[in-house]
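Reading through the structure tokens given below for one structure.
The values are calculated or read from the model by the stated rules, or taken from the named source; none is laboratory data. As the structure is a computational prediction, the values presented were derived from the model and not from experiment. Because the Cβ atoms are built from the backbone with ideal geometry, glycine has one as well, and the counts that use them run over all protein chains shown.
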């Protein structure tokens, strides 16, 4: 998938992944990869800064936990994050509907010359 196609959608994707429950960073990357059938294979250098940005915005909180004997930072949605995700979904539906009017529709008939 082209990186440009994801522009502006990463935060919404991360919030959607965390909606199912708290995860550590690598598990978030794996969830993105799995739910996209491998189309989203994002580097840590993309995901971790976005998670920190979401945390600063109050949409996620993080805490340290032990996972498989290793200490990892685990991220969890906040109530503000759930509201932000609802807004992102609403915006996405509107965007998809508007763009679909052009890209999903049959081309208009050609005007006679």
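At a glance:
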{"quantity": "Enumeration of residues in the range 76-90 that are in contact with a helix residue (DSSP H, G or I) (Cβ under 8 Å, 6 or more places away or on another chain) and either free of Cβ contacts under 8 Å to residues at least 60 places away in the same chain or loosely packed, with under 10 Cβ neighbours inside 10 Å (or both)", "calculated": "76"}
{"quantity": "Complete set of residues in the range 1-47 that are surrounded by 14 or more Cβ atoms within 10 Å (Cβ to Cβ), touching a strand residue (DSSP E or B) at 6+ places or on another chain (Cβ under 9 Å) and under 19 Å from residue 84 (Cα atoms)", "calculated": "14, 15, 17, 18, 22, 23, 28"}
{"quantity": "Those residues of the range 28-45 which are out of contact with any helix residue (DSSP H, G or I) (no Cβ under 7 Å at 6 or more places or on another chain) and either in a loop (DSSP other than H, G, I, E, B) or in contact (Cβ under 8 Å) with a residue 24 or more places away in the chain (or both), in sequence order", "calculated": "36, 37, 38, 39, 43"}
{"quantity": "Residue ID - surrounded by the most Cβ atoms within 10 Å (Cβ to Cβ), chosen from residues in the range 59-71 that are in contact with a helix residue (DSSP H, G or I) (Cβ under 9 Å, 6 or more places away or on another chain) and over 16 Å from residue 10 (Cα atoms)", "calculated": "62"}
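Conditions (1) within 16 Å of residue 6 (Cα to Cα); (2) in a helix (DSSP H, G or I); (3) at pLDDT 95 or above, marked per residue:
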site: 58; (1), (2), (3): no, no, yes
site: 75; (1), (2), (3): no, no, yes
site: 81; (1), (2), (3): no, yes, yes
site: 92; (1), (2), (3): yes, yes, no
site: 95; (1), (2), (3): yes, yes, no
site: 108; (1), (2), (3): no, no, no
site: 113; (1), (2), (3): no, no, no
